[in-house]
1. Using +1 on the beta carbon of Lys and Arg, -1 on that of Asp and Glu, and nothing else charged, what's the dipole of the chain about the Cα centre, debye to 20?
2. For A23, list long-range residues whose amide hydrogen, built 1.01 Å from N in the peptide plane, is under 5 Å from its own amide hydrogen.
3. Looking at segment 117-150, which chymotrypsin sites (Phe, Trp or Tyr not before Pro) are in a loop (DSSP not H, G, I, E or B) and have at most 14 other Cβ atoms within 10 Å?
4. To one decimal place, what Kirkwood hydrodynamic radius in Å is obtained for the chain from all pairs of distinct Cα atoms?
5. Given a Förster radius of 22 Å and the C-beta distance between S13 and F137 as r, what FRET efficiency does 1/(1 + (r/R0)^6) yield to the nearest 0.05?
6. For K58, what is the net charge nearby, where nearby means another residue's Cβ is under 14 Å from its Cβ and Lys, Arg count +1, Asp, Glu -1?
7. Cα centroid distance between segment 81-134 and segment 2-23, in Å?
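Values quoted throughout were computed directly from the atomic coordinates according to the rules given, and no laboratory measurement underlies them. Predicted model only: the values in this text are computed from it and were never measured. Note: ideal-geometry Cβ built from the backbone for every residue, glycine included; neighbour counts use all protein chains shown.
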Amino acid sequence: MSRLETIAELLRSQNTLALAASAAGGAPRVAPLFYLPGDGLRLYWFSSAASEHARILKGNPAAAVTVFRPAQSWREIRGVQMRGTVSAITGPGRLPIARAYAERFHLGSFFQAAISRSRLYVFEPSWVRYIDNSRRFGYRFELNLLSNPP
């Protein structure tokens with residue numbers, strides 16, 4: 001399995017990311033969000049445009065994301081840390097992602113109104129660090145996706 005496939009498999013196996021953004025003055029903010037994995041290690045989620053992280057990202061689209069498996073010991077720690085940018089998606093590309101998101105999280109029709117009022121965001125990574133302590137303590141590799149796009 002290639003390094004990109006290893007990362008993509010981990011992203012497909014989990015459902016929650018921690019999104020970090022920097023507010024004015026550099027104050028960090030972190031928000032946990034359900035996400036849908038996409039091509040090229042992209043991650044999609046829905047949020048209110050009025051949420052703190054959405055307001056911050058509108059002014060500064062640079063962000064960091066982490067996704068990891070739950071662990072009870074250090075040997076089980078496995079996850080990714082990523083840096084990249086966030087943008088809102090509008091137009092016809094939104095509908096298939098909304099359907100896949102609703103299906104992944106079993107939202108049914110109850111959440112359709114909430115999704116229709118929310119903005120769809122995409123995180124596009126430029127750098128990734130993969131960590132897997134099950135291989136050995138501190139095992140990791142890094143990918144610069146700007147020089148080697150997926």
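1. 140 debye
2. Under 5 Å from the amide H of A23 lie the amide H atoms of R29, each far enough along the sequence or on another chain.
3. Values: sites: Y121, F123, W127, Y130, F137, Y139, F141; in loops: F137, Y139.
Answer by residue number: F137, Y139.
4. Working: mean 1/r = 0.0618 Å⁻¹.
It is 16.2 Å.
5. Between S13 and F137 the formula returns 0.50.
6. Values: positive: R29, R55, R119; negative: E52.
Within the 14 Å Cβ shell, the charges total +2.
7. That distance is 12 Å.
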